[in-house]
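Everything on this sheet refers to the single structure shown next.
The values are calculated or read from the model by the stated rules, or taken from the named source; none is laboratory data. Please read these numbers as outputs of a predicted model, since none were measured by experiment. Note that each Cβ is placed from the backbone with ideal geometry, even for glycine, and that neighbours are counted across all protein chains shown. Only protein heavy atoms, including side chains, enter the accessible area calculation; ligands, DNA and RNA are left aside. Shrake-Rupley method; radii C 1.70, N 1.55, O 1.52, S 1.80 Å.
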Amino acid sequence: MLPWAFITQVPILFVFTKYVFLVNAEVRYSIPEEQARGAFIGNIAKDLGLDHQRLKTGKAHIYTDGGTEYVELNVNKGILVVKDRIDREQICGKITPCLLNFQIILENPIEFHRVTIDVTDINDNNPIFSKNNIQLEINELSPPGAIFSLPNAIDSDVGANSLKSYTLTPNDHFKLKVQTQSDGSSTVNLLLETPLDRETQEEHVLVLKAVDGGEPQRSGTVEIKIIVLDINDNAPVFTQEVYKASVREDSLIGSVLLKVQANDADKDINGQIKYVFAHVPDNAKDLFEINPDSGEIKMIGQIDYENTKIYEMTADAKDISGFVSSSKVIIEVIDVNDNAPLINLMSVSSQISEDSLPGSVIAIFNVQDKDSGKNSKINCFIKNNNHIPFKLTSSLNNFYTVQTDGFLDREKVPQYNITIVAKDDGEPSLSATQTITLQVSDVNDNAPKFEKEHYKTYITENNAPGSSFFSVRANDDDSGLNSRISYFITETGINNISVSSFVSINSDEGVLYAVRSFDYEELNHFQVSVIAKDRGSPPLSSSVIIDVYVQDQNDNHPEILYPLLNKGSPVAEFIPRSADVGYLVTKVVAVDKDSGQNAWLSYKLIKATDQTLFDVGLHNGELRTLRQIMEKDSTKQRLTVLVEDSGQPSHSATVNVNVAVTDNFALAISEFSDFTQEKNSKAA
């Protein structure tokens, strides 16, 4: 039989800005059981309208809810093939149809498709009896019409391949009586048609044959050995044709479930009855026992609703002479909430970008509970949902997606532990949890930030070119390349000269270097704009202004502005002989190009023709008389004044001042001219 496919294309599309969550209705195939490994099931790519490349790029894979994976996806060919032996009887038992359900999951974008495979039965099982032979003891006085219970055959196949009929070896005394019960099952009895005579024939050997409806037909047999007993003319009779009991699956071992009872019209020893199980299914043999004397049926093993919900057995009541009657025993198992929900992650992301929009899908999962009724109803929620920006949405029964419920900020929360809780409605309620660890990946959404809004620094003039004099630092709250910062100087001009001719910066460390030696007297202040730029895409940056002040050094000597030299000699100053004490003769004027303390000047008279006649102001350079001029004082006075700054070390300059003490200025000029020529001649 070739597989067939039934495709329902009713797409349900959930679209979010960076994720697509696509669900298609199920694709259904039908294949017979017991196909060879690798057998073709269906062209899933064609049936879903997907190309092979999409299967590869989407990392297509099969997701099942647990257990054996019977089907394999060949992503290269886009087909489904048999992966493991598919035995319908082992997978589904008597349940029809026998369906294998799974999903095909694709990523980038996320989508999943439901696939159902209907496994059809083949006639690969014979009807079988629990024993190869049985023995019946029948009293010779048993009247025609007496019925004797026979074992049922079991055929694991279903439908047309299941058990159809019974036949009995032709004989003179017995025929089969097969009755169909209300639940569809059959009971097989041996009907006595003609009286037996133990003296004529003490034993009868018959063969009961069970035949199924498959092609080719299969059968099974059991040998029936009948021993004819003498006397006893009444068979036991059960008080009910069917006994039913309901029991909780958590009932204790040893609990009495019910009691069957039969009556025998005979007296004394002929009326004594023994109870036995005539037919017990394999899955119940170690679970129940019947008391042969009282008919009480007791639980001797632990039952499980999730494994078997109902048990059907046949109980026989037999008297001492071999008369037997049968009754059906049905035990229904009541579910208790003994199974916690199961959370099955179908697809999950371990990382999400911090700029993802609300509604972005993080994970897809489904939940199951093996219990039934309200015990299997599951409520799902995210633990501490009020404190994290995530939510659950459900589009299909028991299928959920975990989605973002707000904006993310890696700099505030770089990682989330999302705990999913699945809780059933049982009493007491059972729950399960599943934690998803989600890393928030960085995007470049933070510009570098300097430690200060404005900087001020100083550099001493006459510095060595290439020396460092300041550093700046910026921080970036992002991570990785987005937080790695490079530093640059904004191209501006200082006195119409590029700033790069004055200052450079280490792009990695933010250290500023002097490109040249600074001269305070030429440039005492300038500004540098530094940019901090990260390596994100696109990069972000910020800038800061640095005020650089050049500090003065004492590198300039005082400069004499007055008195002026005339051909290398100072011009003579004149005072009359009648000058009073404190008479202002002249003022030595000097300047220093340095600044501050380095430019503070002091004046000292270091040499004079007469030390008692003149003095110079320490701070103002004013040359004044100390006393009245006397007749004996020389007309020609030559003074040397020292001008010294306050730097460390200090620098100085000297100036000669010629003073003529006379009331005849013309004569004084002539005398000083001769004096100057004489001094110059001696110097030569």
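Based on the Kirkwood radius over alpha-carbon pairs, what value in µm²/s does the Stokes-Einstein equation return for the translational diffusion coefficient of the range 466-570 at 20 °C and 1.002 mPa s?
Values: Rh = 16.5 Å.
For these conditions, the coefficient is 130 µm²/s.
Solvent-accessible surface of the chain, averaged per residue with a 1.4 angstrom probe and all protein chains in place: 51 square angstrom.
Is the shape of the range 220-303 rounded, prolate or oblate, going by the alpha carbon gyration tensor and its root eigenvalues a ≥ b ≥ c, with a/c under 1.5 for rounded and a/b larger than b/c for prolate? The shape class here is oblate.
Apply the Debye scattering formula to the range 524-603, with a single equal point scatterer on each alpha-carbon and no solvent, then give log10 I(q)/I(0) at q = 0.11, 0.24, 0.27 Å⁻¹. Cα-only, vacuum Debye calculation for the range 524-603: -0.60, -1.12, -1.20. Listed values for the range 96-103 are Karplus-derived 3J(HN,Hα) couplings in whole Hz (6.51 cos²θ - 1.76 cosθ + 1.60, θ = phi - 60°), namely 10, x, 9, 10, 9, 10, 7, 10, and x replaces Gly and Pro. Can you pull the percent of Cα pairs in the range 608-664 with separation above 20 Å? More than 20 Å apart: 32 percent of the Cα pairs in the range 608-664. For the chain, the relative contact order works out to 7 percent when only alpha carbon pairs closer than 8 Å and six or more residues apart are counted.
If you count, for each residue, the other Cβ atoms within 10 Å and average over each peptide, how do 56-64, 527-535 line up from highest to lowest?
On the way: 56-64: 15.6, 527-535: 18.7.
Highest to lowest by the protection proxy: 527-535, 56-64.
Please report Rg over Rh for the range 17-168, where both radii come from the alpha carbon positions and Rh follows the Kirkwood definition.
On the way: Rg = 23.6 Å, Rh = 18.9 Å.
Reported Rg/Rh, Kirkwood definition of Rh: 1.25.
When a 1.4 Å probe is rolled over the protein heavy atoms, the share of accessible surface on the chain that falls to carbon and sulfur comes to 48 percent.
Across the range 529-590, the relative contact order, built from alpha-carbon pairs under 8 Å that are at least six residues apart, equals 26 percent.
Taking only the Cα atoms of the range 378-519, the radius of gyration and Dmax are 27.5, 90 Å. Ignoring aspartates and glutamates fewer than eight residues from Lys164 along the same chain, the ones with Cα atoms less than 20 angstrom from its Cα are Glu89, Asp121, Asp124, Asp155, Asp183, Asp212, Glu215, Glu223, Glu312. When Rg and Dmax are taken over the Cα atoms of the chain, they come to 58.2, 196 Å.
Restricting things to alpha carbons, find the Rg to Rh ratio for the range 197-337 using the Kirkwood radius for Rh. Ratio value, two decimals: 1.06.
The range 348-436: D in µm²/s via Stokes-Einstein (Kirkwood Rh, Cα pairs, 20 °C, 1.002 mPa s)? Provide the component values of the computation, followed by the final result.
Details: Rh = 14.0 Å.
The estimated diffusion coefficient comes to 153 µm²/s.
With only the Cα atoms considered, the range 421-466 has a convex hull volume of 227 Å³ per residue.
So what is the orientation-averaged projected area of the range 316-398, using the convex hull of its C-alpha atoms, in nm²?
Working: hull surface 39.6 nm².
Quarter of the Cα hull surface area: 9.9 nm².
Note on Val207 and Asp555: their simple-model spin labels are 12.8 nm apart, each label 7 Å out from Cα toward Cβ. Of the residues Tyr458, Cys92, Gln439, the one whose Cα sits farthest towards the positive end of the charge dipole of the chain is Tyr458 (charges of +1 on Lys and Arg Cβ, -1 on Asp and Glu Cβ, taken about the Cα centre). Given the pairs Lys94/Lys374; Lys259/Lys309; Lys244/Lys374; Lys175/Lys225, which are separated by over 18 angstrom at their Cα positions? Correct reply: Lys94/Lys374; Lys259/Lys309; Lys244/Lys374. Its residue count N fixes a reference of 2.2 N^0.38 Å for the range 154-194, and the Cα radius of gyration divided by that reference is 1.39.
Full extension of the chain segment joining Lys309 with Ala265 gains 12.1 nm, where the gain is 0.36 nm per residue of separation less the Cα-Cα distance.
Listed as lacking a disulfide-compatible partner in the chain: Cys380, by the criterion of no other cysteine Cβ under 4.7 Å. Taking 1.306 mPa s as the viscosity and 10 °C as the temperature, the Stokes-Einstein diffusion coefficient of the range 82-194 based on its alpha-carbon Kirkwood radius rounds to 88 µm²/s. Listed by chain and number, the aspartates and glutamates whose alpha-carbon sits under 12 Å from that of Lys391, ignoring those within fewer than 8 places in the same chain, are Asp405.
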